[in-house]
Amino acid sequence: MSLSPTIVTARAACGIAAMLLAFGMGACDDIGSTQPTASVRASASASTATQPASPGPPRATTAARYVNRRDICGTLDHTRLTQALGVNAGNLGQPRFSDSRTSSLATCSHQYGPAGMRSLISVEVMTSKEGSAQGFYEGMHGAQQRSTAVTDVPGIGQQAAVYTDPTTGPHLMAYDGNLYLSIALIPVNSATTELLNTQALLVASAQHVLDELRHE
């Protein structure tokens, strides 16, 4: 599978930005931000209006609070990921960061492995400045359930789930306190990752990001 910096980065940034607008969390207004079109805003609003029931009862709140970073790929566990996927090959394109009165959004894609056999770790982190990210997580969870099977995963944040996108591969989404996180492993060639426990790798990688961003 050929990886296009434009397609991977734009899909990640615009998809979550549309959901931010749908949940009333404000638009991007900083360096590297993208403003969704009117059609995207309308689609996001329609999606919210038809959103199914939440994936489960609310979990107990936590004292955890998180502060976002401009270079979110700097929070990845590069040691673990290079052991699993191969040499650290650097970022694919520039990290993106946007900030508003109510939330901040950071996205980044990082490459691992030798030329021609590289895998991509794509990370998106949204932090709310006005309370829990649970509602945002449940909206993303419900939207994803409409297109593919989603499986809840215990032990990471307050709620987490995994799913496999037929085009981009395995993904994990989670929320904890005021943070929502999405992380994906996008292999160039399935032979690179077919022997890996990709769910365990994504869980460990997500936990490392949470640990790095936790603000005591």
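Keeping to the stretch 122-138, report how many residues are over 12 Å from the mean Cα position of the chain (by Cα), among the polar types (S, T, N, Q) and buried (at least 22 other Cβ atoms within 10 Å of the Cβ).
Residues that pass the stated criteria total 1.
With the stretch 152-216 as the region, which strands (runs of 3 or more DSSP E) entirely inside it contain at least 3 residues that are surrounded by 15 or more Cβ atoms within 10 Å (Cβ to Cβ) and acidic (Asp, Glu)?
Once the strands (runs of 3 or more DSSP E) in the stretch 152-216 are filtered for at least 3 residues that are surrounded by 15 or more Cβ atoms within 10 Å (Cβ to Cβ) and acidic (Asp, Glu), nothing remains.
Going through the stretch 74-121 one residue at a time, which ones are among the basic types (Lys, Arg) and over 17 Å from the mean Cα position of the chain (by Cα)? Give the derivation first.
Quick first cut of the stretch 74-121, residues among the basic types (Lys, Arg) only: 80, 96, 101, 118.
The answer is 80, 101, 118.
Might you check whether a residue that is polar (S, T, N, Q), modelled with pLDDT of 95 or more, closer than 22 Å to residue 189 by Cβ and surrounded by 16 or more Cβ atoms within 10 Å (Cβ to Cβ) occurs anywhere in the stretch 92-102?
no
So which of 80, 59, 118 ends up being closer than 24 Å to residue 215 by Cβ and either at pLDDT 90 or above or buried (at least 19 other Cβ atoms within 10 Å of the Cβ) (or both)? Break it down into steps so the answer makes sense when it comes.
Working: 59 fails: either at pLDDT 90 or above or buried (at least 19 other Cβ atoms within 10 Å of the Cβ) (or both); 118 fails: closer than 24 Å to residue 215 by Cβ.
Result of the check over 80, 59, 118: 80.
The values are calculated or read from the model by the stated rules, or taken from the named source; none is laboratory data. Predicted model only: the values in this text are computed from it and were never measured. Cβ coordinates were reconstructed from backbone atoms using ideal geometry, including for glycine residues, and neighbour counts include every protein chain displayed.
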